[in-house]
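These notes are about the structure you will find just below.
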């Protein structure tokens, strides 16, 4: 492969990677917007886009590479903060924000109660339209809010993710949070691709939400005193953050469905990998899975647990010789 082809392949792989999608591209877009605003500021306080374009044309190739590397470095530094950013949007807020957390939890509780009342409004002979509305409310309630007594979080995103964690595997006695690190490596290739894709969608939408909101706040002092539509650009970014949050909520619902599918299809693969006998019925399965959950989560010892070791063939041993077929009796 020639050098240009190798370079093109490397660039394609980088831009298609999770790091580029979730971390680099949103960071680069935010820095590009803020840098353009800084370059467009005129001495009198106005904003002149032509001024930014002229400064961009005046940059050397080394300066452009340096800016790209600076954006890459910032994206690398921010990448470990992806999980805390998601938890922030879920509603895991620090102690000083407890008042806001209580208000958010109250709002979420009222929304859940409205859905619950709609789902339970069944008459003796409900009309088709009413039945469809009831079924839709019940379906949305199960996907968007965790079942009692699981506590609610102050955001819709947090409750949707908590509902997926509480629902996946619960019918089989498995705790999704505890089981997932052990179950994920055993997923099939196609299902793992679905899970990874939906997780990437969730992380990207969360990163866009935070990046757009932070960029809007940072751009406020840069657009003050500008003419035209420039002073309204922070509001546009806040609207984009709102849209990205709705996208994160939809991605969370899809991710919860993928978790449930993983437990439905591969929970027995984990028992086989642990060399445990497969349960004979649903009751035995729930009892075994609850014991495993308590062991992994709380360290409760597993006593009187029998293992089932399969006899795997030795790859270095010669293949077995099939028995000779019995001779057929000839005519007498």
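The table that follows gives values for the structure above.
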item: Segment residue 70-residue 274, extension gain: residue separation times 0.36 nm, minus the distance between their alpha carbons; result: 68.8 nm
item: Relative exposure of 17, 170, 50, 144, judged by other C-beta atoms within 10 Å (fewest first); result: 50, 17, 170, 144
item: Label-point gap, in nm, between residue 302 and residue 284 - each point 7 angstrom along Cα→Cβ; result: 1.6 nm
item: FRET efficiency, 1/(1 + (r/R0)^6) with R0 25 Å, evaluated for residue 139 and residue 114 via beta carbons; result: 0.95
item: Gain upon complete extension [residue 265, residue 53; 0.36 nm per residue less C-alpha separation]; result: 70.8 nm
item: Fewest-first sequence of 286, 246 by Cβ atoms within 10 Å of each Cβ; result: 246, 286
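Read-outs throughout are calculated quantities, based only on the coordinates presented, and are distinct from any laboratory measurement. None of the values given here were measured: they were computed from a predicted structure. Note that each Cβ is placed from the backbone with ideal geometry, even for glycine, and that neighbours are counted across all protein chains shown.
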